[in-house]
Amino acid sequence: MALVSLKDVLADARAGRYAVGSFNVVDLVSLEAILETAESLLSPVILSIAEVHFKYVNLENITPTIREVARRANIPAVLHLDHGESFEAVMRALRAGFTSIMYDGSRLTFEENVRRTSEVVKMCHAVGVTVEGELGHIGGAEGGSGGAVAPPEEFYTKACEAVEFVERTGVDALAVAIGTAHGLYKGEPKLDFERLAALNCALGIPLVLHGGTGLSVEDFSRCIDNGVAKINFYTGMSVAATEHIKEKLKKSPEFYDYPGLLLEAKEGIKETVAEQIGIFRSKGRCTPESALCRVCSGCGRRSGDIRTATAGSSLTTDMEKETLVQQIVDATIDVLKRMKM
Ligand SMILES: [Zn+2]
């Protein structure tokens, strides 16, 4: 199956000096737009659902569909919780069958962030699910399209703290603050590449860039050259979808075909995702020679050569995995409640 964990795709990205795009799914239209584009460009992809978007998308309703289409895809796809801040969101995503979790404790004190992230890592790793943590403050509001400014430098990720954080929590990837912000930038974004290079040297795990919308091609390139292997991209997709709808209504003010407008939105998303996949250098990475093939049987669906997937976990079937998830959920629920997460 082509549904894999973050570690499976990021190891190849780091080694091959490219980044995998993490695009937010907010409905079936965005899901199909992202996946169809990634498949046509033979690029691995991360399908993310953000906790702040739970108000738009019912997690339990959409997850079985995502898992099914990802399983049938001819590329490796990760089903990832984006910015999980609550205990409930993490547990719901695990129970629904996500293959990766971001636990964002960046608003907490360092010690509290370490403590809670460690617990999430313990729980997730037990069932072969990877975890992304966050240290430092990334500006703007996640999932928003409002104006965004990077926070003051004192909130950027510090290399010495990051080393301690990764060692103590065991996260698989780390979102770092180097001057990016969520949403649409007010003014020109200025990234601290020296800091990024130092973090990359010190950490040895894939780094994650949030707040990708509005950065230049050169910015992305320098980030990838300095260890960024996952790039979150949402606002630009949302803007493109909305612009396509606006354009259609401007040309045809009497257009009242709702699904027709959704197709316009889909086109906008597809164009944006295709452009970013090119910029992130992940286009064409899914070839039978690629190490990605060891984690994904997708190529088999193209060539007729069905391979056996080894998803990097000792668990062999979905059934076993789901049973274990259930056991872990039941066993840890009391502990975490006592921790007041
Ligand atoms: Zn983010």
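Between CYS201 and LEU249, what is the label-to-label distance in nm when each label sits 7 Å out along the Cα-to-Cβ direction?
According to this spin-label approximation, the distance is 5.2 nm.
Please arrange CYS124, CYS201 by counting, for each residue, the other beta carbons lying within 10 Å of its beta carbon, fewest first.
Lowest to highest Cβ neighbour count: CYS201, CYS124.
Which residue, THR157, GLY183, ILE269, has the largest displacement toward the positive end of the dipole of the chain when charges sit on each Cβ (Lys, Arg +1; Asp, Glu -1)?
After comparing all options, I get ILE269.
Under 17 Å between C-alpha atoms is the cut-off here; go through region 162-288 and count lysine pairs that meet it, provided they're at least eight residues apart or on different chains.
Summing the qualifying lysine pairs gives 6.
Just want to confirm a number: the relative contact order over the chain, from Cα pairs under 8 angstrom separated by 6+ residues, in percent.
So the answer I get is 23 percent.
Going 7 Å from the Cα of TYR258 toward and past its Cβ, which residues in region 24-46 have a backbone nitrogen under 17 Å from where you end up?
So the set is 27-30.
Going toward the positive end of the dipole of region 1-81, with +1 on Lys and Arg Cβ and -1 on Asp and Glu Cβ, which of ALA77, LEU6, SER40 do you reach last?
My answer, from the dipole projection, is LEU6.
What list do you get for VAL329, VAL171 if you sort them by fewest beta carbons within 10 Å?
VAL329, VAL171
Please check the chain for the longest run free of GluC sites (Glu not before Pro) that are loop-located per DSSP (anything but H, G, I, E, B) and have at most 13 other Cβ atoms within 10 Å.
Longest stretch, sites excluded: 1-253.
Mind sorting THR109, THR99, THR130 by how few other Cβ atoms lie within 10 Å of their own Cβ, fewest first?
Details: THR109 9, THR99 29, THR130 26.
Ordered by Cβ neighbours within 10 Å, fewest first: THR109, THR130, THR99.
Laboratory data are not the source of any read-out in this text; all were calculated from the coordinates shown. None of these values were measured; they are calculated from a predicted model. All Cβ positions, even for glycine, are placed from backbone atoms using ideal geometry, and neighbour counts span all protein chains on display.
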